[in-house]
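Visitor: Below are the structure tokens for one structure; questions will follow.
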Amino acid sequence: MSKKEYINKAEAELLHTYNRFPLVLERGEGVYLYDTDGKQYLDFAAGIAVCAFGYGKKELNDAMKEQIDKILHTSNLYYNTPVIDAAKKALKAADMDRIFFTNSGTEAIEGAMKAAKKYAYTRDGHAGHEIIAMEHSFHGRSLGALSITGNAHYREPFEPLIPGIRFARFNDLESVKEQITDKTCAVFVETVQGEGGIYPAKQEFLTGLRQICDEQDILLVMDEIQCGMGRTGKMFAWQNYGVKPDIMTCAKALGCGVPVGAFMMTEKTAEKSLVPGDHGTTYGGNPFVGAAVSAVFDLMEKEHITDHVQEITPYLEKRLDEFVQKYSFVKQRRGLGLMQGLVLDVPVGKVASRALEEGLIVITAGEDVLRFVPPLIIEKQHIDEMAEKLDRVFAEM
Ligand SMILES: *Cc1c(COP(=O)(O)O)cnc(C)c1O
């Protein structure tokens, strides 16, 4: 079938919830992807910050194949060995004490919301607690996660959502303080805001949040779904700030392509939180995803992925900064590690589309940000190749 035929078929079958790029991807190798016509693309999106090792990573694939031949699924009514290993590695990397595996980031957020509410319920002996979330945040599309997503356009058609959600301005401590009431049970924050436009948290903001939360026994919940798993040069972005959350969520690169998420918490939080009967999932943390997560953590350690991200980041920043110097419509670069954004004064969707023609996959964030979330294994030569292709696109704008 031709590309056009694939796309027509897809548009006739799939619910139209995405305006997709006209690209039918078939296979990948390293940091390159190939479409059904055999055209090669340099990938600076990694399936939205998922494919940390790019494509066709042998150790990862072998670990998964081996598990497929043993057992895929058992349900959570029984124990399984791969998830025990995966849990141990995740908790060690995150310096957390308890973990619950989910099937997606959204579900990790749902679980974190329930965990926070249950904590306050146990402590106070009654329900009715509130959550503070940030403007321009993104936490997912289910009704719970949507309730704390700071984008009115996403929320409006589905209201009424969960009551008791208050929004504060990101990186504005005073704004958070204004929203605190005696009912507040948790503050949810992305350590680096992703979908909203690549905004890293400021040190004073996170330090201040931690202090306020400690003083008032409010849980600090950090969404590390996009910025976690080595992307910022630490396993989790909060480790750059030395501000530890009470609950954190993780997904995307946790499975490097296998659908899995997790929420983790400290023992102190867990003691007053979810107990048998409060939460569950059929698939979550099954042997297959357990094997994948376990292999991902092993590989990240073996390949010193956080060191690599720290080493390569200044080069990506330098090449992106050159665009800010060279083109007046490139307003600003911001980001942390291999999670970077260029703020553009020209339509970002158009730039991303033109980049595809040049054989470069980049995505957008917010209204005006071109987002760079490449596989974590990229080298200088790939950054140069990206810059060359992007320069050709920018030169035309
Ligand atoms: C992607 C994302 C989510 C939602 O994760 P899904 O796996 O798509 O459900 C939540 N929070 C953040 C910060 C994300 O980037």
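None of the figures in this text is laboratory data; all of them are computed from the coordinates on show. As the structure is a prediction and not an experimental result, all values here were calculated from the model. Ideal geometry is used to build each Cβ from the backbone, glycine not excepted, and the neighbour counts take in all protein chains shown.
Visitor: At 0.36 nm per residue, and after removing the present C-alpha to C-alpha distance, how many nm does the segment from Met1 to Glu204 gain when stretched out fully?
Guide: Working: separation 203, 0.36 × 203 = 73.08 nm, distance 5.50 nm.
That pair, Met1 and Glu204, stretches by 67.6 nm at full extension.
Visitor: Under a 5 Å amide H to amide H cut-off, with H placed in plane at 1.01 Å, what residues pair with Ser104 once short-range neighbours are removed?
Guide: Amide H neighbours of Ser104, under 5 Å, 5+ apart: Gly261.
Visitor: Here is a further query. Would you work out if segment 198-278 is rounded, prolate or oblate? Take a ≥ b ≥ c from the square roots of the eigenvalues of the alpha-carbon gyration tensor; rounded if a/c is under 1.5, else prolate when a/b is larger than b/c, oblate otherwise.
Guide: Numbers: a/c = 2.58, a/b = 1.06, b/c = 2.44.
Cα axes put segment 198-278 in the oblate bin.
Visitor: Using a 10 angstrom Cβ neighbour count of at most 11 plus a DSSP loop assignment to flag exposed chymotrypsin sites (Phe, Trp or Tyr not before Pro), which longest range of the chain is free of such sites?
Guide: Values: sites that count: Tyr18, Tyr78, Tyr79.
Longest run free of exposed loop sites: 80-397.
Visitor: Choose one answer from Val31, Val324, Val221: the residue with the largest mean-square fluctuation in a GNM of the chain with alpha-carbon springs under 10 Å.
Guide: Highest fluctuation among the options: Val324.
Visitor: Another question about this same structure. Taking Cα pairs under 8 Å and at least six residues apart, what relative contact order does segment 71-302 come out at, in percent? Walk me through the numbers on the way to the answer.
Guide: Details: 459 pairs, mean separation 72.8, N = 232.
After rounding, I find 31 percent.
Visitor: Ok, one more. Just to be sure I understand: with springs between alpha-carbon atoms less than 10 Å apart, which residue in Gly54, Gly290, Gly366 has the highest mean-square fluctuation in the Gaussian network model of the chain?
Guide: The residue that fluctuates most here is Gly366.
Visitor: Express as a percent, rounded to the nearest 5, the fraction of DSSP beta bridges in segment 71-302 (both residues included) that run antiparallel.
Guide: Working: 11 of 26 bridges.
Restricted to segment 71-302, the bridges split so that about 40 percent are antiparallel.
Visitor: Using only helices, what value at 222 nm comes out for the chain when you add -39,500 (n - 2.57) per DSSP H run of length 4 or more and divide by the total residues, to the nearest 500 deg cm²/dmol?
Guide: Working: 14 runs with 161 residues, N = 397.
Taken over the chain, the calculation gives -12500 deg cm²/dmol.
Visitor: Using a Gaussian network model on the chain with a 10 Å cutoff between Cα atoms, which of Ile131, Ile68, Ile377 fluctuates the most?
Guide: Ile68
Visitor: Any idea what the relative contact order of the chain is, in percent, if you count C-alpha pairs under 8 Å spaced at least 6 apart?
Guide: On the way: 782 pairs, mean separation 89.4, N = 397.
It comes to 23 percent, rounded to a whole number.
Visitor: If you place +1 on the Cβ of every Lys and Arg, -1 on the Cβ of every Asp and Glu, and leave all else neutral, what size is the dipole of the chain about its Cα centre, to the nearest 20 Debye? Please list the in-between numbers first.
Guide: Numbers: 45 positive and 57 negative charges, 46 e Å.
Once rounded to the nearest 20, the dipole reads 220 debye.
Visitor: Report, in degrees rounded to the nearest 10, the 0 to 90 angle that the Cα long axis of helix 380-396 makes with the longest principal axis of the chain.
Guide: Here the helix axis deviates by roughly 70 degrees.
Visitor: Using a ≥ b ≥ c from the Cα gyration tensor of segment 71-302 (square roots of the eigenvalues), is it rounded, prolate or oblate, where a/c under 1.5 gives rounded and otherwise the larger of a/b and b/c decides, a/b for prolate?
Guide: prolate
Visitor: Testing the spin-label approximation: label points 7 Å from Cα along Cα→Cβ at Asp172 and Asp214. State their distance in nm.
Guide: About 2.6 nm, to one decimal.
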